[in-house]
Each structure stands twice: as structure tokens, then as C-alpha cells.
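The values are calculated or read from the model by the stated rules, or taken from the named source; none is laboratory data. Predicted, not measured: the structure shown is a model, and the values here were computed from it. Quick reminder, even Gly has a Cβ in these numbers, built from the backbone with ideal geometry, and neighbours come from all protein chains shown.
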Amino acid sequence: MLDTLQTYVATALESEFFVGGLALGLLGLAAGVVRLVWRGLSGLCLRRLTVTVMVDNRVAEFLHLLDWLDHSGALGRARRFRLTWIGGRGAQRASFAPALGVHWFVLDGQLVQLHREMSDKARTGKGTPLETLTLTLPLGRRKTIERWIVAGAELDANRSRIGPTLHIFADGYWTQAGEVVHRPVSSLVAEDDRVATMLEDLRWFYGARDWYVDRGVPWRRGYLLHGPPGTGKSSAIRAAASELGLGLAILDLGRRTLTDDQLCEALVQAPEDAVLVFEDIDAAFIERAAGEVSTGISFSGLLNALDGVAAQEGRALFMTTNHLDRLDPALIRPGRADVHLKLGLVGAEQAALLFLRFFPEETALADRFRNRLGDRRYSPAELQGWLLAHASDAPQAAEADGLTPKLTVAAE
């Protein structure tokens, strides 16, 4: 048996084809081993010489890192952009961001590779598509990325002191659309302390979770602000959010593409640190009042979203309207609109106080301004518009006799 095997081997070795094939096989095996060793060594060196961080938009560090990259100008050097539109009805603006994929840039003397990915299927807890940032720093250090995240967090904290963060619901999820200017309650023009009273009610609500739970009452609070145009309804909401450090989550109910299901999703997914705002809510159902059929949300869908089984708790809702008489009583009953606040036209006394905000040293002119107005009443927006038109003029121009004809006199 052994002799036979030795004979076969000797015969095979005498064959040039066999010997050549064996040699090629050994060379291929050797090449494979070399490649395997090289990959292992190069991967080890790559891990030793580069720093990589991966964050997604489920954590705060995602926005902090983006904030710093944008602030530093690194994102502005990208060659490929993605254009999106953010903002509500009549106030949309374009937003440019680096497109999905790989981008290279230099920041703080460090070569950086940025890889942006977005999943069409995976979603965050707020319903936003899952987006991932991967930063790779060749010959970099972990402390560099940590420093950028801390710097971005500081930028975010500074912006939160400027004013409320604005959130817009579009394309099925909430988008952060920037910040609005801080507005103190003291800057509002009203004849009494009704706005301050509303603010205290709102402050109580956000601290009354246990009170609601103990009584078995849904922890929800609705505010209806009504009055003529220009009387400060939107300004009052912004001031309340500013004073309490809350954001503004604005939802356009009049958008025809908004469905009942999307409305429910929007309320469930709304940012926890923001008040919900439905402006000009009467305009969303003009067709309904006229008996016409329209697309978009239904009235019953709105009511179910506000206080149905799936309605989220722990968040205040503000609604505004210029026409209280157009609203269905079912929409503004207690439980949906618990606090009704009328913001009306103001008289000469409030006009004089507003005059002093523009011209603090002109007390005598403010008195003359008040006397000229007499018993007429105007919206704060009209008075402010007049004073703004003369902000760069001499104070006497703002107090001139031409005031009364140029202002629209309105009756409450």
C-alpha cells in the first residue's frame, strides 16, 4: 500500500503540469496569508491612528456637534447641499445643509471626514427619520471631538437664553426652525394684568402634575386668545414661552395635506419642552362653516386629537382667533380651551406708555400724545407701527397733529 502511494507521488512529481499547479496553489495560499496579515495590521494601525465618533439625532450631542460645525464654518465649505423648506404658512425660508454622503474639510487644523446618513425606515421617538453623523479624524484625538461637542452645547445654551426655540411640523415630523427673539411680558401693551395672570396660570399648570393625577383629571390645559388683528395674541404666546423657558411648536391646521392621522401623530410627537400653538384656528374650517367639502383635517379629527384616548398630557395648547363667533362651541369648551383671554384695542393711557418706550426722556410729549388721542382706541400694532415710522425722527414728529388721520380708528 505504501509502495503504491510512493509510486503515485513519484509519477505526479515527474509531471510538469502537476508541479506547476502545485506551485501556483502554494503561491496563491501565500498571497492570501499576506493579504490577511496586511489587513489585520493596517486595520490595527488605522484604529490606532484615527478617531471615529458616530452620533444620531436621538441624542443631544447630535445637534451640539452640528451646531459647532455650522458655527465654525466647516459645513459651509461643503460642495454638495440639500435644500429644504422650513417655516409656516407665509413665512417659509430655504435651509441649506450638506447633502447625504461623505464630505471632507479641515477644522482647527485637523483633517475631518464627515459622513451623513439618513434612514427612510428607522424613526426616532419623535417620528423624525433617523439621521447619523460619523466623524473620522486621521491622526486625531478623542478630546478634539469632545471639545467640539462641548462648544456646540454652549452655543445651544446661549441661544436658549435668547428666546424660544421654534418648531414646525412638516413632512410628517417636527423640524427645529431656529429661535425667536425673547419677549418679556412687560413689553406687551394691555389695559390690565390679564396677560400676567395667564402667565401665572401657565406656570401653575406645568408644576401641577401631581395635582391633576391625585384628582384623576387629564393633565392638559388649553388657552384661547381672541381679539381684533394686531392686539398682541401671538406676542402674548411668545412672551409666555420666553418667561418660562419653553419652545413654540407651531402647527398649521389649514394646510390641505395635513390629515387626521398626521395631526394625532404631530400632537403625540411634539417636543416636550414646547407649548403647542394653533394660530388663526377659525381659518382652518371656513369651508366647513360654509357647508363645503375640503381636504385636510376634519373637525371631529381635531376634537379627538385634542382630548381623545391618544391625546398626550403635560403640554399646554394655545389657540388664537380674530373671530370668536366663528368657532364651534365644542372646540372652545372647558377641557379644550380652559382659559379664554380677550386682547382688545387700547386707549390713550397705554399709547402714552408705548410712546415712552420709544422716547424714554420725553414725558411731556407723551402726555401731549395721550391728550391728542382722547377717547379713541387703537390696536397696539397700529400704535407701534406709527411710532416705528418715526423712530429715527425727532420725538415731536411722532406726536404731531397728523397722527389721528393716519391711524385707523377702530371700535371694539
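Yes/no matrix, rows are residues, columns are (1) within 25 Å of Ala153 (Cβ to Cβ); (2) at pLDDT below 80; (3) over 18 Å from the mean Cα position of the chain (by Cα):
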| position | (1), (2), (3) |
| --- | --- |
| Arg35 | no, yes, yes |
| Leu49 | no, yes, yes |
| Asn57 | yes, yes, no |
| Phe81 | no, yes, yes |
| Ile86 | yes, yes, no |
| Gly90 | no, yes, no |
| Ala99 | no, yes, yes |
| Asp108 | yes, no, yes |
| Val112 | yes, no, yes |
*Examine the range 114-121 for a residue that is modelled with pLDDT under 75, closer than 28 Å to Arg255 by Cβ and touching a Leu at 6+ places or on another chain (Cβ under 8 Å), and state whether such a residue exists.*
no
*Restricting attention to the range 221-238, and to residues there that are more than 25 Å from the chain's Cα centre (by Cα) and crowded, with 22+ Cβ neighbours inside 10 Å, which single residue is modelled with the highest pLDDT?*
His226
*Quick one: in the range 239-250, of everything that is modelled with pLDDT of 90 or more and touching a helix residue (DSSP H, G or I) at 6+ places or on another chain (Cβ under 7 Å), which residue is nearest to Val339 (Cα to Cα)?*
Ala240
*Can you run down the residue pairs with Cβ atoms below 7 Å, 6 or more apart or on separate chains, where the first is in the range 231-244 and closer than 10 Å to Val195 by Cα and the partner is among the basic types (Lys, Arg)?*
Ala239/Arg183
*Kindly indicate the residue of the range 190-220 that is part of a loop (DSSP other than H, G, I, E, B) and touching a helix residue (DSSP H, G or I) at 6+ places or on another chain (Cβ under 8 Å) and also surrounded by the most Cβ atoms within 10 Å (Cβ to Cβ) among those meeting that condition.*
Ala190
*Output the number of residues of the range 333-359 satisfying the condition of being under 30 Å from Leu303 (Cα atoms), aliphatic (A, V, I, L, M) and surrounded by fewer than 19 Cβ atoms within 10 Å (Cβ to Cβ).*
1
